[in-house]
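Derivation of every value follows stated rules applied to the coordinates shown; laboratory data play no part. Treat the numbers as computed from the prediction; the structure is a model and nothing was measured. Here the Cβ is made from the backbone with ideal geometry for all residues, glycine too, and neighbour counts use every protein chain on show.
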């Protein structure tokens, strides 16, 4: 294995924390033989977000070169935190775990499984399931976490804690036990100075939570006034990067109680500064005297904020009148007047207080004699065509469409996406001048009844990119329209293209695989077969030693 460090020749992208690149080479190429070429070139790639920009540079490796080289960013960044962990009792001594896969710049090699805070096993990266069958007891609750590891051994944050319960060992449930509330589906979701505790009870019950640095639980407590089956608590004023223990006491309406103690969780070490994904399926519908807003929250959101204006969309959570804030997926705006266009921007909010880039929509109450029509969020903005020259020069290929850490190529103003992953759309900060502007992306489905979805690119905290992240799209084709509103020059730049969203095959979208990947794989397989065939022929004509 050969390692090389590239220094002055590489221009590290501004979003990266490190300017060090590592070039590695295996001693054989894809076909299984050494290459005769002693020279290697490092060129710009389409995947700028993953590889950075570089000048073309050649490297000579003494007398013999090796093909099959790959360029990696030297990093200690661990994979993302596993999410969606569930634990289901299969028998009196088996609990099956299932979770959503993590991602990372170096990929994911394995997952570690923790039961009650202790490592009990690990498993390969696929499939994301594990059966715990070591020393479990019937009718017992167990707490589980999962973490992801990459090829360099970097371990992700633990997943949120969830509880699994083994089944009964053939015993009959009595009327007495039937009246005792059981704690099920427990999840503890930590932030840097707070944690969310979610769980259900088998019967309506009141819950009291206590927590602390040890089993005395002296740091705080909270409780409920009503009998519920779905319980949610927000624990605040916690120390960052600190292990805590949690105690839950639930009491049924007949006084029967269940206690779960010494539930471990750890707060995060640093505040999360990455914006959460945007909401999806945002619609503004006119009713008789109201405007009804509906949407779907992303998994990572604990709520939304909606700002409203009668002039234009707010580009930040504090720009405009705040008309709604909370954990819901619909809002009825009754404070509206006939004939006035209302511009709404909705921001998803995570538990660390970060807001998404924002999704926009507009609505207007029309007289009863008119038929209500949907107002396109951006299309009808009455601005002139005069814009800054740098904005006027923008093309679709200047924008980054990122999935799984890779920037996807723009071919003939078309981008092929995978339907199973979030999409980040970004524009590098230096590409446009620092004038007051709005950068909006509108996706429109194709067909007889097209639907429109618009969101805003907002500058990140480091001022390296304008960006927005949205949840996975449905498998179909979309028209994409990017609008840049230049307020200084009162102008508007529009860029059009297409998105083709398909399912994935071994991590590659089916459309991309058909157009690019499968032919290449086929050629490599043919080369490998030919090489092996030649080797067998050589072996067949070797002389046989004669013993005298």
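Taking a label point 7 Å from the Cα of residue 257 along the Cα→Cβ vector, which residues of segment 207-238 have an amide N closer than 11 Å to it? 208, by backbone N distance to the label point. Were the residues from residue 110 through residue 133 laid out at 0.36 nm apart, the gain over their Cα-Cα distance would be 6.4 nm. Using a simple spin-label model with pseudo-atoms 7 Å out from Cα toward Cβ, residue 325 and residue 213 lie 3.3 nm apart.
In this calculation the C-beta distance from residue 296 to residue 411 is compared with R0 = 45 Å, giving a FRET efficiency of 0.90. In this calculation the C-beta distance from residue 125 to residue 98 is compared with R0 = 22 Å, giving a FRET efficiency of 0.95.
Classify segment 389-502 from the C-alpha gyration tensor, please: rounded if a/c falls under 1.5, else prolate or oblate depending on whether a/b exceeds b/c. Since a/c reaches 1.5 and a/b is larger than b/c, the shape of segment 389-502 is classed as prolate. For segment 390-443 versus segment 212-280, the spacing of their alpha-carbon centroids is 40 Å.
Relative contact order of segment 389-502: 30 percent, from C-alpha pairs under 8 Å at least 6 residues apart in sequence. The distance between label points at residue 451 and residue 404 comes to 2.6 nm (points 7 Å beyond Cα on the Cα→Cβ vector). Suppose R0 equals 41 Å; then what is the FRET efficiency for residue 476 and residue 239 from their Cβ-Cβ distance, rounded to the nearest 0.05? It comes to 0.30. For a paramagnetic label modelled on residue 309 (point 7 Å from Cα along Cα→Cβ), amide N atoms under 11 Å away belong, within segment 330-357, to 343-345.
Shape of segment 280-364 from the C-alpha gyration tensor: prolate (a/c of 1.5 or more and a/b above b/c, with a ≥ b ≥ c the square roots of its eigenvalues). What is segment 249-390 by shape, rounded, prolate or oblate, if you read a ≥ b ≥ c off the alpha carbon gyration tensor as root eigenvalues and call it rounded for a/c under 1.5, prolate for a/b larger than b/c, and oblate otherwise? Here segment 249-390 falls in the oblate category. In terms of the mean number of neighbouring beta-carbon atoms within 10 Å, the peptides 286-293, 342-349 order highest first as 342-349, 286-293.
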